[in-house]
Amino acid sequence: NVHCLTDAQWRCFFEGYLVEPLPRAERKYAVVFYGVSGYTGSLVMEYLKRECLDDVNVCFAGRTLHKVIKMRDKVLQGTRWANCDCVSCDLKEPFEVEALVSSCRVVCNIAGPFMLTGGERLVEACIHYDTDYCDVSGEIPWSAKLLEFHDVARDAGVYIVPSTAYAGGLPDIMCYAMAKEAREKYD
């Protein structure tokens with residue numbers, strides 16, 4: 001119970017969590033992939049294993065650490081990615097989110113459904129800690145919600161990029177093309 005902490009325990013707690021982040025170039029991870037314990041997370045790991053030739057330090061994170069580790073071990077066993085760090089982070093816990101975001105240059109959010117997982121806290125922390133954000137959402141309401149963060153992210157020099165996966169972009173392009181054709185035909 002936090003109400004029973006001594007002054008020394010409080011100081012230790014806050015010193016561990018409330019620190020200024022390192023400059024981007026000096027952060028521990030280039031990319032943190034959040035929400036990798038499911039099918040889409042396995043696809044991200046497969047792609048990383050097959051396509052990434054760079055020596056980049058990545059981290060896998062999610063709400064349930066043992067599931068993240070299980071997926072990493074299943075997909076990346078025997079590869080140079082087999083020992084990548086795995087971190088527990090519950091999006092309902094602000095200190096955990098801040099610690100995760102301040103440790104990397106980019107957060108790639110894979111944890112959907114995006115409107116229900118509390119991803120706003122992740123986006124807000126990214127803006128605050130000068131960390132770029134992308135996700136693989138195909139949820140148009142989620143992308144629209146992230147527009148609320150546009151001005152403050154732009155002013156902070158932080159990229160907030162929803163729907164970076166195939167599922168996000170193609171339907172948007174098709175919807176645009178259909179709307180354009182409907183206007184041309186029926187206006």
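The values are calculated or read from the model by the stated rules, or taken from the named source; none is laboratory data. Only a predicted model underlies this, so the values are computations on that prediction, with no experimental measurement involved. Positions of Cβ are generated from backbone atoms using ideal geometry, with glycine treated the same way; all protein chains shown enter the neighbour counts. Surface areas here come from the heavy atoms of the whole protein model, side chains and all, with no ligands, DNA or RNA. Shrake-Rupley method; radii C 1.70, N 1.55, O 1.52, S 1.80 Å.
Just a few scattered comments:
- Neighbours by Cβ (under 9 Å, 6+ apart or cross-chain): first from segment 172-185, surrounded by 10 or more Cβ atoms within 10 Å (Cβ to Cβ); second in a helix (DSSP H, G or I) and at pLDDT 85 or above: Asp172/Ile140; Asp172/Ser143; Cys175/Ile140
- Single condition Trp142 does not satisfy, out of (1) out of contact with any Ser or Thr (no Cβ under 9 Å at 6 or more places or on another chain); (2) closer than 22 Å to Val31 by Cβ: (1)
- Among the numbered conditions (1) touching a Lys or Arg at 6+ places or on another chain (Cβ under 8 Å); (2) open to solvent by 20 Å² or more (accessible area, probe 1.4 Å); (3) aliphatic (A, V, I, L, M), the only one that Val75 does not meet is (2).
- Number of residues in segment 80-89 that are open to solvent by 40 Å² or more (accessible area, probe 1.4 Å) and at pLDDT 95 or above: the value is 4.
- Of the numbered criteria (1) surrounded by 11 or more Cβ atoms within 10 Å (Cβ to Cβ); (2) charged (D, E, K, R); (3) farther than 22 Å from His128 by Cα; (4) at pLDDT below 95, the one Glu98 fails is (3).
- Of the residues making up segment 103-126, those that are open to solvent by 20 Å² or more (accessible area, probe 1.4 Å) and out of contact with any strand residue (DSSP E or B) (no Cβ under 7 Å at 6 or more places or on another chain) number 9.
- Among the residues of segment 26-47, the one identified as in contact (Cβ under 8 Å) with a residue 40 or more places away in the chain, among the small types (Gly, Ala, Ser) and either assigned to a helix (DSSP H, G or I) or within 12 Å of Ala165 (Cβ to Cβ) (or both) is Gly41.
- Residue match in segment 66-81 (condition: assigned to a strand (DSSP E or B) and farther than 26 Å from Pro141 by Cα): no
- Of the residues making up segment 146-158, those that are touching a helix residue (DSSP H, G or I) at 6+ places or on another chain (Cβ under 7 Å) and open to solvent by 20 Å² or more (accessible area, probe 1.4 Å) are Phe149, Val152, Ala156.
- Selection count, segment 52-72, where residues are farther than 21 Å from Asn109 by Cβ and open to solvent by less than 100 Å² (accessible area, probe 1.4 Å): 0
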